[in-house]
C-alpha cells in the first residue's frame, strides 16, 4: 500500500507540472520559471512540443521541484478530507496524431503521443517510471472526459473568486518567440561568456542549445542560411526523409569543433551540459520510437563531434545516453553516420572514441560482475548500456575498415559473381539428393549483416588493411566474463526474431555478442563454433533415430568411415564421395573412424590418427597434388593437376571435417587459401605469404626508375612448370606476347600476374577443394565469426610451445600429485628435451603435435599412475590427453622408457 500511495503522489505531481508547463496556473504575476503563465517561463523554446514537456514534467517531479502556489486552477480539494484530489487529465493521442500545436498548447489540455507515453516506463527510477505511466495513461473519451473535466475545474475556480486571474490569463498576450539560436550561440558570444567569472549565462545558453533536436541542429548549421538562389535553407525538421546524407551535409562540422573548444572544462559547466544532453537523448529516443527522421541522425552526428562530452570523466554520465541514441538509429541512418565519420574524423579521432567506448564497456562488465550474485541469472547481454556501447563500437569498426585499404569495386563485383555461381552449383548438388528440407533451406557462406549490406562492404573480408588494427577492438574483460553458451542462445533467438521494422516500436531484438565478433578473441569464438557444431551433430543424430523408428530401417547416427591403413586415401575417398553425392547431410554427423582389423573404439584418438596419416600421404609432393615452398614451408596447388578433382574434393572435406570435429591438422597453407575459402580472390598483397620471392620481384618492378622495362621485364606473357616438369606459356591478356611491360602499364602487369597465379591457374583445383569444404561447413558460424587468419589457427593450432604453462595446468590422477618424485623427474626431463622430442611427446599423448587455441592451458593434459616400477613403456589415451606413466624408480629409467615410447608411437599402441 505504501508503494501504491507513493506512486499516486508522484503521478499527481507529474500531472501538476505538466499542467503548469502547457496551460499555466492562470496567474500573470507568477514567478515560477516552469509555469506557462509566468513572464519568466524558461521553456518557451520547446515550442509546445508536448512530448518534450511531458519528459520535463517527469524530471521536475523526480527532483521534487516545487509547484507554483495558485492551485485552484489545477486541483480542487474537497472540504471533506476523505475525498481524493483530482487533477485535470492528460489526454493521450494516437501515434499518428500531432504532438500538440505550438499555439494551442497553452490554451488547451496537453497531449502526448502514444510512443512517448510508453517510453515513460523506461525511466531509470522504477517508481517514477510507474507513476509517469499512470499520469500519462490514455483517457477513454477525449472530448467527454477531457473537456468536461476542464470545464468543471474552471467553474470551480470561478466559484472560488479567481475569475480575475482567469480573465488576466485569457487576456495575456503570447510570449515572444525566442531568437534564432545561431544569433545567440556563436563564437563571439561563447568567447565573451567563457571569460566571465559568472558562468550562469553560459550554462543557460548551452542548456538552450540542447532543449530539442531542432534547436541542436539549428545551432550548428552553416551560418549563411541562404543558398545560391537566395532562398532560405529548409529547417532541419523539413528535410527529405529519404536522404540522410543531405541532412548531414547541413551540419557545419568546423563550427562544432570551434565552439566546442571554447567551452571551459569546469565541473560547474560540464555537469549542467551533460544533464541537458542526457535530456535531449531521452527526448530523441522517444521520437525515434514513433517515427525516425534524418533530424535524429543529425543530433547524433553533432553529439559525436562534441569532443568534451567524450572525456573519460564523462564516461558514466553522458556517453551511455549518446550510445543509446546512436545504437537505436535505423540501419540506413547508421550507415550514413559511418560515412559522415569517414569524411570528417581522422584515424586518431576514431581511435580516441574507441578508447572511451572500450573503457566504458570494461567498466560496465566489471560492475555487472560485482553486482551479480552467485545465483543471479542476469547476463551481460541484458545490460542496456553494454548493448548500446557494443552497437556504437560496431559503427567505429566499420568506419575503421572504410578508412583503411579496401578492395576495389571491380574486385568486389567479381567476387560477388563467383560466390553466386558457386552457391548455385552447391544448391544444384543438394537438389539431386533426397533431402527436401535442405533444398528449402538454401545455402549461404555467411549470415547477412544489414549494416554491411547497407554499406556494400563486408568487414573484415573486404578490408585489406584497416585504419585501426582489429586487435584494438577485442575486449579481454568481456571475453573473460561473458557466458558463451548463454550468448549462443541469445544468438539463436535474435536469428529467429523478426526484423525491427515488424516488431513493436522501441523493442530491440535480443542482443548477442556473436553478432559483434570483432569484440571476441579467437578462443571465445572457437568455443561458440564448437557448441554450434555439437548442437548440429545432436540434431542429425536425433533425426536419424526418428527416421529409424518411423521407417523401420537402419539409419546410421554417425558418419562412419572404415579404412585400411595400407589404402587409407582411396578408402576415405570412396566413402566420403558416396556420402557427398547421396546424403551430404550425413557430413554434419559426428565422425567415427574404424581401422579395419583393429580393436580401437574412436573416442577422438582414432580420428586424430586418421587425419594425421591421410594428410601425410596427400601432401607428399610425390602425390602430385600440392607443391611445397621451401622458404615458407607451406603447400600450394600444383598447376596442371586438374585430373585430381576427386582428390581435391576429398581434401576440402577433410579440412571441413577437422574444423567441424575440433581436430587440429598439421597442414600448412598460406593465409590466402583461407581468404579464398571466404569468397574472396587472391591479389598482389597476398603474394608475400604464398610466393615471397615473386612478390619481392614484383615490388622491385613497381619501384624501378629506369627506362629499359622491355629488356628487363619482358611482355605480358609468362612461363611456368606443371606437376610433371613441363614448361607452359600463358598470355596475361589477349596478344600479351606482343605487349611490352612499360612504366605506364606495370601495375596492370603485376595485378594480372598475381590474379593468374592465385586464381586463374588453380581455378579447377580450388573449386573442387572449396566444394568439399563447404559441403561440411555450409550454414555454420565459421565464416561469420572468423577472419582468414583465425581460420588458419583453427586448422593448424597455435605455433607457441610453452611447456612451463603446460606444467602449471596439468592434472594428476591415480595417486600422483605435483609433489610426487616421479612427477618432478618427468618435468625435469621434459624441460631438457629438444624441440623435436617435445613435439613427439605432444603427439604421443594428444595425437597431434599442435597446440590448441588458447595455449597449452586449454589442453587438459593429465598424467595418471599406471602401477609401480616396471620395465613396461608408458602408454597414452589420445582420446582424453592422458599419459599413463608407471612409477619408475629413477630418473634414468624414466628417460629411457619415455623416449622409446614417443619415438615409436604410431599405430594402435597409442590406445
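The values are calculated or read from the model by the stated rules, or taken from the named source; none is laboratory data. As the structure is a computational prediction, the values presented were derived from the model and not from experiment. Every residue, glycine as well, gets a Cβ built from its backbone with ideal geometry; the counts of neighbours run over all protein chains shown.
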Fill in the blank from the handout: The correct count of residues that are outside any helix (DSSP H, G or I) and either surrounded by 15 or more Cβ atoms within 10 Å (Cβ to Cβ) or touching a residue at least 24 places away in the same chain (Cβ under 8 Å) (or both) in segment 734-762 is 8
Completion exercise
Within segment 589-601, of all residues that are surrounded by fewer than 19 Cβ atoms within 10 Å (Cβ to Cβ) and part of a loop (DSSP other than H, G, I, E, B), the one modelled with the highest pLDDT is 596
Practice task
Considering every residue within segment 523-543, establish whether at least one is within 16 Å of the chain's Cα centre (by Cα), at pLDDT 85 or above, buried (at least 16 other Cβ atoms within 10 Å of the Cβ) and in a loop (DSSP other than H, G, I, E, B).
Solution key: no
Problem - segment 659-676, residues that are at pLDDT 90 or above and in contact with a helix residue (DSSP H, G or I) (Cβ under 6 Å, 6 or more places away or on another chain) - result: 659, 660, 670, 671, 672, 674, 675
Exercise for the section: Quick one: residue 42 ticks every box in (1) crowded, with 23+ Cβ neighbours inside 10 Å; (2) in a loop (DSSP other than H, G, I, E, B); (3) at pLDDT below 80 except a single one, so which number is it? Expected result: (1)
Handout entry: One residue from 293, 215, 261, 204 being crowded, with 20+ Cβ neighbours inside 10 Å, at pLDDT 85 or above and over 30 Å from the mean Cα position of the chain (by Cα)
Key = 215
Fill in the blank from the handout: Residues of segment 790-837 being buried (at least 18 other Cβ atoms within 10 Å of the Cβ) and in contact with a helix residue (DSSP H, G or I) (Cβ under 8 Å, 6 or more places away or on another chain), in sequence order, are 790, 791, 792, 793, 794, 795, 806, 816, 822, 825, 826
Problem - All helices (runs of 4 or more DSSP H) inside segment 373-477 with 2 or more residues being surrounded by fewer than 20 Cβ atoms within 10 Å (Cβ to Cβ) and modelled with pLDDT of 80 or more - result: 384-403, 409-431, 450-455
Problem - Selected residue [more than 42 Å from the chain's Cα centre (by Cα), without any contact (Cβ under 8 Å) to a residue 60 or more places away in the chain and more than 27 Å from residue 592 (Cβ to Cβ)] from 871, 837 - result: 871
Completion exercise
Among residues of segment 662-677 being in a loop (DSSP other than H, G, I, E, B) and on the phi < 0 side of the Ramachandran plot, the residue surrounded by the fewest Cβ atoms within 10 Å (Cβ to Cβ) is 668
Practice task
Might you check whether a residue that is within 22 Å of residue 246 (Cβ to Cβ) and either part of a helix (DSSP H, G or I) or over 17 Å from the mean Cα position of the chain (by Cα) (or both) occurs anywhere in segment 309-319?
Solution key: no
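Okay, residues lined up against (1) crowded, with 22+ Cβ neighbours inside 10 Å; (2) within 14 Å of residue 560 (Cα to Cα):
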| residue | (1), (2) |
| --- | --- |
| 603 | no, yes |
| 615 | no, no |
| 628 | no, no |
| 632 | no, no |
| 640 | no, no |
| 649 | yes, no |
Problem - Positions within segment 866-900 being touching a helix residue (DSSP H, G or I) at 6+ places or on another chain (Cβ under 8 Å) and not in a loop (DSSP other than H, G, I, E, B), in sequence order - result: 875, 876, 877, 882, 883, 885, 891, 894, 895, 898, 899
Exercise for the section: Using the structure shown, decide if residue 694 is under 30 Å from residue 538 (Cβ atoms), part of a helix (DSSP H, G or I) and in contact with a helix residue (DSSP H, G or I) (Cβ under 8 Å, 6 or more places away or on another chain). Expected result: no
Exercise for the section: Check 571, 586 and return the single one that is at pLDDT 90 or above and under 17 Å from residue 654 (Cβ atoms). Expected result: 571
